[in-house]
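S.K.: Below is a structure I'd like to ask you about.
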Amino acid sequence: MEFFELAIGSIFINNIILAQFLGICPFIGTSKKMETAVGMSMAVVFVMVMAGMITWSVDTFLLKALNVEYLRTLSFILVIASLVQFVEMFLKKSIPGLYAGLGIFLPLITTNCAVMGACLLNIGNEYHFTKALMSSFSYAIGFGLALILFAGVRERVNLGPVPKPLQDTSIGLVTAGIIALTFTSFRGMV
Amino acid sequence: MAQSLAKEFTKGLWAEIPPFRLVLGLCPTLAVTKSVENGIGMGLATTFVLVFSNLLISLLRNVIPTKVRIACYIVIIATFVTIVELVMQAYTYPLFLKLGIFIPLIVVNCIVLGRAEAFASKNNPVMALADGLGIGIGFTLSLASLGAVREILGAGTITIWGGSPIFDMSNWFHPFTFMVEAPGAFAALGLMLAGMNLIGKK
Amino acid sequence: MREMLSMIVVLTVLASVSGGLLAAVKSGTELRIEEQVLKFQKAPAIESLFSDVTNDPLKERFNLETGETTIQIFPGKMPDGSMAVAFETLGKGGYGGDIGLMVAIDMDKDQLVGARVTTHAETPGLGSRAKDDLTFVSQFNDKSLDTNLALKADNGTISAISGATVTSRAITRAAIEAQTLYNDLKPEIMKQIQ
Amino acid sequence: MIKRSFFMLSNKPRLTCDLLETDPEAPLKMDVPGLLTLLLPEPIDGKRTALIKKGDVVEKGQKLLLYENDTQYAVSPVSGTIKSIDTFTVDEVSGLRTRITIEKDDRNTEHVGYTDMPEDLSFAAQHLNQLPGAPGFDGLSRNGIQLNALVITVADTDLLSTTSQYVGTAHAAELEKGVQILKRITNLSKVYLLIPGYLLERVQFDGVTVMPASLNYPDTLPALVMKNHLDKILPAGRTPEEMGIFFIRAEAVVSLARAFEANAPVFEKCITLIDKTGARHRIEAVIGTPLSSIFSQLGIQIDEQDRIVIGGAMQGFATFTDHHPVTPDMDSILVQDKGDIIPLSDTNCINCGRCVQICPADIPVNLLVRFLQTAQYETAADKYDLESCIDCGLCAYVCTSRIALSQYIRLGKHELRKLRIDA
Amino acid sequence: MNNKKLTVSHAPFWHDGDSLFKKNLNFIIALLPAAIFGVLQFGAPALGVLALSVSCAMLWELIINAVSKRPFTIGDLDAALIGLLFGMMLPAVTPWWLVVVGTFVAIFMGKMIFGGIGASPFNPALLGMAILMLSWNMFFDFDTAYVNYDFDFTALAPLVAVKFQGAATDLFPLSALFMGREVGAVGAVFSLGLIIGGIYLILRGYARWELSVSFIAGIVITAFLFHLVNPESYAGPWFHLFSGYTMLGAFFLITDSSSSPVQRIPMLIYGLLAGFMIILMRNIGSYADGTILAILLVNVVSPLLDNIRPTALGKDMSNA
């Protein structure tokens, strides 16, 4: 039950993009076409879960053990960057099909603050391992859900006669705001 | 020299002002601009990191091997971010609490890494310094102005560094709280972006 | 080979310089950070809980070692002469991180004086109500220590903030932890206060 | 004009084709005017020498070719002199044509005809393609087409017109003869007769499979006939001929019989004309007669801003000029008063979905039009079924926003072809 | 040859004569019974709110058109309809400035910045309401709004009462709710009038029955399940159906064409989802009446749902 509430909460109520403002750049950048949105969502689910597990382990077994928590920012970003590199190399060699789909999104993920943010939140909450895993996964699903819904609406909006100054990013942000507004529907459900 | 230096500095204030012209670094922009104060704080923290990482990367640009340059940039940036984090914790603790997770996340702010890669690694330290300072101050100004719009409409007042509000219309104005909530952040930034587009590039 | 070597050398040098620099900054700011935390997070909560104490709990604070962690104890002399202590516990599982709860306990009556939220990073508008709106935390006022401080939904006695069950639960966790801590540490605290 | 009905739960207007009178009168014969106009489907090419020129004397029944080796030709319906050859625009999408104007003279040419009339496809394509009813033999003689069935349509494809129904039933005997000739020309034994149910008893002969046609528009369009009667789905972007099914008007078959009977080409085209009051006239005019001549003989006044629609209300085209000539495929003429014309608008699609409900090809028109309006033709074709459109025009008929949907679709197909050629 | 200038356009040359003006006019006509009832029940202030709302909405559209140098579009009555719907969702005692700001938000944010009618993926009136309710929640509290009124029925907002006091109340007989004997928004209380208007629209073909029916089904099914589990705290389906904005939503808000899907199956899913969300929000969420946000939420899903569609004629066939 607790896990269920955590999942619902992280996906809908405290959606990592729409309520916590993490990962806005890829959210705006990869939502113009549905295909890219789906690709990015999958890549994020993949990387976020792995990064969540690894950074949790690094934090617990390395930083806390050595009492150097102030190196958290530094070590996490290095872990994520090398993880992304490694995943990219691994996919390229072993699963070319998946690489073709996710490949172009992987480098973008290094600077996706949603990944780093989710890892920091896990540590901040002092979750144990399974919970950290669960929370990373839920955040990633929330990211994907918001991104895909947004891409659907955005495709429609961009086909319309949006006034010139508002075109593209500007109207995209307003639309995202309205989607964030609709997500307030879930308030209070857990 | 002086002219091009001035150019590098001022481009960050208008022609390439983030996040309006250079649509990067949106997360902190949206998250911390609930008030002018937070906006300025975040902007200055980012400026600090930008200036020093730009300077250092530019100094080391001939030493850093190309293959591991991104890793090196990340190490340098992360170091300055952690310094900011610690210093803010020690000296401006309430602000640090408000900005929360977005201080460590400066490390993944595309503006910082973007300037390092696109500018600092190709230019001399003085230029890099001017660029970092310009972009940083531009970013601070943007955050402050967005913060001002949201705070005025959303709260009816502007308060900086505690004390009594420097601007107050709450006696007749019913605060438009939408502006300080998450949806309002997106909408306000979107509309300001449209406003900037309307004014034009020069 | 040379390239490889230079890569390794540069990265190692950078990393060690960075580590050294950070360690230096860290040690330079450590004390100051502690002071700040005390001043901005704990002081307001303590002042609000111990509004009518006759001593200065902040000045008289002392540390207690329990297992691997250290907790700060703030003793307060209640107007009726009884002794109370306040200390902070962390409630795990909020959305935006731990929720800090300052709990004050009357040591003579073994009952809660009250509780205040100190730190949180919850969604604005909902979770933050726990801190600014005192109706939720005032449920802890004068509760006896054998009360089940869990949420009603978890068979306890505390009603959740409507629409913020997760936040409420994190706070009750902190309160329950305070109960256990107090029960474990009571003799030690008594010793220290004397 | 059929208005939206007051109650419309299903949102689908019932558009039914016009019925033929129980006792149809013979068509009113139009006089042959002094000046006739013929259209050739290709424009004048200044670099090539034309085979015909101004001042040439032509005989009745003479084949007029613009350039050597052309497959398209016109057949002069009168004897006379060529007065002019110029370029002519039919509408924007179909592009430029060549117009040949002939001044009739009084020479008696009753007996000009063919010396030899073999019953084969190449002769038909080279000489009989311009018969009234536009048989389209040239399309069949193209390489790579494997025919396996013929469909003779006694049902009209568009609303208002009763031309096919009239010719097919009034000249049933000639139709039967024509079918026999057609079978020999095409070497096909499988022949279907598409005919509205209520006319079945008027046309009875052997050797054909009768398909009772629905009177609901657009059920008589080839793609839907194939789907409903022949159990064949026309793949998007293909023509029925490419799929081996040859659609031919009853009038073309009748004309074929007459031509073989007379050993000479025939020129009298039957036309249904709807005037401004909605009254129906059935007329017979020689191919090449300018419409203005027909209007003056019938006493129909054409004013500025009126609209002359050739070929049906749903699928035809509006002509620029009332001098547009009668062509072999002109089944109907519709004259609309300027006051009756409902203007189109440039409002956005409001997603009401009426087009989607009515579309016989199940195209998501609401999405398609957004891509067409932003000129994303390839996406429109790949994902939003542009090429499945059968051009029935119903979406634009019901559009609440009054968007020129058919125009966008036709333009889209046109641009797509250009893109594909360039690629 | 003297050529007359003829009108040249493209096929088809017929149109069934329908237009945006007629569609919107019919929506407005269908809304009138409920609007008139609201004015009779809540008096002159209700009329004031409706009139101000309609006129402001039209005025804002006019001004925005003029400023952005686009053709004037108030002739299609869309702004009037948005204004009327918006006004009907407000309490009768709404302050004037709230109406002015709200219609601006609805017209500007909900419609004009996307490029006018049809271009917005959200229902403008709902968007205006949602933003207002987020900002000035206190003005939408029906219990305090009608404190100066003297009604001959329970002057409590039914949904709020049930949410906080449990469903075991007989303060709100169904017949009273059905006939509009309740406090609430000007145009949303008279369920009977809204149903009549809605059925008129459906019969006329301006609203799609799929949306209304599935929406009502979603509410009834979800509410029934909740009621089954705990009848003490969760009210039954009929109560939910005739209280709050439900009926206005079922016939006039969810049927807004720009923001809803057009294919049949997506429409059914869309309606069910909206109904489900509303009951979820009313029963376990933090809002008393979730209609507005729930419909806005499914607006977001609508473009995705529209991808469920039949294969077009001859699409993707082998060239056999």
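S.K.: So what is the relative contact order of segment D:218-292, in percent, for Cα pairs below 8 Å that sit 6 or more residues apart?
M.R.: Working: 50 pairs, mean separation 11.3, N = 75.
Worked out over segment D:218-292, it gives 15 percent.
S.K.: In square angstrom and rounded to 100, what buried accessible area do you get between chains B and A, total over both, with the probe at 1.4 Å?
M.R.: The summed interface area works out to 2800 Å².
S.K.: Under a 1.4 Å probe, what is the accessible area of segment E:161-305 per residue, stated in Å²?
M.R.: Roughly 31 Å² per residue, with all protein chains present.
S.K.: Could you give each residue of segment B:124-138 its phi-based ³J(HN,Hα) in whole Hz, using Karplus coefficients 6.51, -1.76, 1.60 with θ = phi - 60°, and x for Gly or Pro?
M.R.: Coupling constants for segment B:124-138: 6, x, 5, 4, 4, 5, 4, 4, x, 5, x, 4, x, 5, x Hz.
S.K.: Between exposed trypsin sites (Lys or Arg not before Pro) in chain E, where DSSP calls loop and at most 15 other Cβ atoms lie within 10 Å, what's the longest gap? Don't skip to the end; give the middle numbers.
M.R.: Values: sites that count: E:LYS4, E:LYS5, E:LYS69.
The longest such stretch corresponds to E:70-320.
S.K.: Next question, about the same structure. Using a 1.4 angstrom probe on the protein heavy atoms only, could you order A:ARG156, D:ARG142 from most to least accessible area?
M.R.: Numbers: A:ARG156 25, D:ARG142 150 Å².
Ranked from most to least accessible, the order is D:ARG142, A:ARG156.
S.K.: While we're looking at this one, here's another question. Over chain C, what is the relative contact order in percent, taking alpha-carbon pairs closer than 8 angstrom and at least six residues apart? All intermediate terms of the calculation are to be shown ahead of the outcome.
M.R.: Values: 284 pairs, mean separation 28.7, N = 194.
15 percent.
S.K.: Here's another thing I want to ask about it. Regarding segment C:30-96, what is the average projected area of its C-alpha convex hull, in nm²? Display every interim value, and only then the final one.
M.R.: Working: hull surface 23.7 nm².
So the Cα hull casts an average projection of 5.9 nm².
S.K.: Could I ask something else about it? Net charge near D:ILE245, counting Lys/Arg +1 and Asp/Glu -1 over other residues with Cβ under 14 Å of its Cβ?
M.R.: So the surrounding residues net to +1.
S.K.: Which loop chymotrypsin sites (Phe, Trp or Tyr not before Pro) in segment E:119-172, with loop taken from DSSP, have no more than 13 other Cβ atoms within 10 angstrom of their Cβ? Write out the running numbers ahead of the final one.
M.R.: On the way: sites: E:PHE122, E:TRP136, E:PHE139, E:PHE140, E:PHE142, E:TYR146, E:TYR149, E:PHE151, E:PHE153, E:PHE164; in loops: E:PHE122, E:TRP136, E:TYR146, E:TYR149, E:PHE151, E:PHE153.
Qualifying residues, ordered by number: E:PHE151.
S.K.: Quick one: of the DSSP bridges fully inside chain D, what percent are antiparallel, nearest 5?
M.R.: So the antiparallel bridges in chain D amount to around 65 percent.
S.K.: Let me ask something else. Any idea how far the Cα center of segment E:101-176 sits from the one of segment A:74-143, in Å?
M.R.: Between the Cα centre of segment E:101-176 and that of segment A:74-143, the gap is 42 Å.
S.K.: Now for a different question. Got the relative contact order for chain D handy, in percent, Cα pairs under 8 Å and 6 or more residues apart?
M.R.: Dividing the mean separation by the residue count of chain D yields 17 percent.
S.K.: Here is a follow-up. Calculate log10 I(q)/I(0) of segment D:156-298 for q = 0.16, 0.19 Å⁻¹, where I(q) comes from the Debye formula with a single equal point scatterer on each Cα and nothing for solvent.
M.R.: After summing over all Cα pairs, the log10 values are -0.98, -1.27.
S.K.: Let me ask something else. Considering only protein heavy atoms and a probe of 1.4 Å, how much of the accessible area of the protein assembly as shown is carbon and sulfur, as a whole percent?
M.R.: Summing carbon and sulfur atoms, their accessible area is 60 percent of the total for the protein assembly as shown.
S.K.: In segment A:151-168, which residues become less accessible by 20 Å² or more once every protein chain is in place, relative to the chain on its own, using a 1.4 Å probe?
M.R.: A:GLY152, A:VAL153, A:ARG156, A:VAL157, A:LEU159, A:PRO161, A:PRO163, A:PRO165, A:LEU166
S.K.: State in Å² the accessible area per residue of chain A; use a 1.4 Å probe, count heavy atoms of protein chains only, and round to the nearest integer. Walk me through the numbers before you get to the answer.
M.R.: Details: 6410 Å² over 190 residues.
Roughly 34 Å² per residue, with all protein chains present.
S.K.: Now, a different point. What value in Å³ per residue do you get for the convex hull of the alpha-carbon atoms in segment D:354-422?
M.R.: Hull volume over Cα atoms, normalised by residue count, gives 70 Å³.
S.K.: Give me the accessible area of A:ASP168, 1.4 Å probe, in Å² rounded to the nearest 10.
M.R.: 60
S.K.: Using a 1.4 Å probe on the protein heavy atoms only, what accessible surface does D:LYS413 show? Give it in Å² to the nearest 10.
M.R.: 40
S.K.: Another question about this same structure. Over all directions, the average projected area of the alpha-carbon convex hull for chain E comes to how many nm²?
M.R.: 22.7
S.K.: Compute the length gained on full extension between A:VAL68 and A:GLU126: take 0.36 nm times their separation in residues and subtract their Cα-Cα distance, giving the result in nm to one decimal.
M.R.: So the chain would gain 19.3 nm between A:VAL68 and A:GLU126.
S.K.: Any chance you could check segment B:99-122 for residues losing 50 Å² or more of accessible area when the partner protein chains are in, compared with the chain on its own (1.4 Å probe)?
M.R.: The answer is B:ILE101, B:LEU105, B:VAL108 - residues whose exposure falls by at least 50 Å² when every protein chain is included.
S.K.: Can you figure out the FRET efficiency of D:GLN305 with D:ASP45, using R₀ = 35 Å and their beta-carbon distance, to the nearest 0.05?
M.R.: Rounded to the nearest 0.05, the efficiency is 0.50.
S.K.: Hey, which lysines would be in cross-link range of C:LYS143, C-alpha to C-alpha under 17 Å, not counting anything within fewer than 8 residues on its own chain?
M.R.: C:LYS109, C:LYS152
S.K.: Here's another thing I want to ask about it. Show me you know the interface measure: the accessible area buried between E and A, both chains summed, probe 1.4 Å, in Å² to the nearest 100. Working shown, then result.
M.R.: Values: alone 15970 and 9970 Å², together 23590 Å².
For chain E against chain A, roughly 2400 Å² becomes buried.
S.K.: Right, here's the next one. Could you give the length gained by full extension between D:GLN72 and D:THR209, i.e. 0.36 nm per residue of separation minus their alpha carbon distance, to one decimal place?
M.R.: Details: separation 137, 0.36 × 137 = 49.32 nm, distance 3.22 nm.
Residue separation times 0.36 nm, minus the Cα-Cα distance, leaves 46.1 nm.
S.K.: Can you grab the distance from the C-alpha centre of segment D:197-244 to the C-alpha centre of segment B:27-105, Å, no decimals?
M.R.: If you average the Cα positions of each part, the centres end up 74 Å apart.
S.K.: Any idea of the accessible area per residue across segment B:2-148, 1.4 Å probe, to the nearest Å²?
M.R.: That works out to 32 Å² per residue.
S.K.: Taking a ≥ b ≥ c as the square roots of the eigenvalues of the Cα gyration tensor of chain A, is the shape rounded (a/c under 1.5), prolate (a/b larger than b/c) or oblate?
M.R.: oblate
S.K.: Any idea how far apart C:PHE40 and D:GLN376 come out in nm if each label point goes 7 Å out from Cα toward Cβ?
M.R.: Distance between label points: 4.7 nm.
S.K.: Treat each spin label as a single point 7 Å out from the Cα along the C-beta direction, and report the D:GLU201 to E:ALA217 distance in nm.
M.R.: The modelled label-to-label distance comes out at 4.6 nm.
S.K.: Give me the summed buried accessible area for the E-D pair, 1.4 Å probe, to the nearest 100 Å².
M.R.: When E and D are taken together, about 5800 Å² of accessible area is lost.
S.K.: What would the Debye equation give as log₁₀ I(q)/I(0) for the protein assembly as shown at q = 0.04, 0.07, 0.09 Å⁻¹, counting only Cα atoms as equal point scatterers?
M.R.: So the normalised log intensities work out to -0.34, -0.86, -1.17.
S.K.: So what's the angle, to the nearest 10 degrees on a 0 to 90 scale, between helix A:129-159 and the longest Cα principal axis of chain A?
M.R.: 20
S.K.: Using a cut-off of 15 Å between beta-carbons, work out the net charge of the residues near D:THR220 (Lys and Arg +1, Asp and Glu -1, D:THR220 not included).
M.R.: The answer is -4.
S.K.: Okay, next question. What nm distance separates the two modelled labels at D:LYS63 and E:MET138, each placed 7 Å from Cα along Cα→Cβ?
M.R.: Those two pseudo-labels are separated by 9.3 nm.
S.K.: How much mean residue ellipticity at 222 nm does chain B get from its helices, if each DSSP H run of length 4 or more adds -39500 (n - 2.57) and you divide by all residues, to the nearest 500 deg cm²/dmol?
M.R.: -20500 deg cm²/dmol
S.K.: If N is the number of residues in segment A:1-65, what value comes out of its Cα radius of gyration divided by 2.2 N^0.38 Å?
M.R.: On the way: Rg = 14.6 Å, N = 65, 2.2 N^0.38 = 10.7 Å.
Compared with the compact-globule rule of thumb, segment A:1-65 sits at 1.36.
S.K.: Let me ask another. For segment E:161-305, what percent of Cα pairs sit more than 26 Å apart?
M.R.: 19
S.K.: Still on this structure, please answer the following. So which lysines can D:LYS104 reach, going by Cα to Cα under 30 Å and dropping same-chain residues fewer than 8 places off?
M.R.: Cross-link targets: D:LYS29, D:LYS47, D:LYS53, D:LYS54, D:LYS60, D:LYS63, D:LYS83, D:LYS269, E:LYS4, E:LYS5.
S.K.: Out of all Cα-Cα pairs in segment E:30-168, roughly what percent, to the nearest whole number, are more than 26 Å apart?
M.R.: Tail of P(r) above 26 Å: 28 percent of Cα pairs.
S.K.: Continuing with the same structure: How much net charge surrounds B:PRO165 when only other residues with a Cβ under 14 Å from its Cβ are counted (Lys, Arg +1; Asp, Glu -1)? Show your work: numbers first, answer last.
M.R.: Working: positive: none; negative: B:GLU37, B:GLU151, B:ASP168.
Net local charge, B:PRO165 excluded: -3.
S.K.: With θ set to phi - 60° and the Karplus curve 6.51 cos²θ - 1.76 cosθ + 1.60, what are the ³J(HN,Hα) couplings of segment C:16-29 in order, to the nearest whole Hz, using x for Gly and Pro?
M.R.: 6, 4, 4, x, x, 4, 5, 4, 5, 4, 4, 5, x, 9
The values are calculated or read from the model by the stated rules, or taken from the named source; none is laboratory data. Keep in mind it's a predicted model, so treat the numbers as computed, not measured. Every residue, glycine as well, gets a Cβ built from its backbone with ideal geometry; the counts of neighbours run over all protein chains shown. Accessible surface is based on the protein model in full, side chains and every heavy atom, while ligands, DNA and RNA are left aside. Shrake-Rupley method; radii C 1.70, N 1.55, O 1.52, S 1.80 Å.
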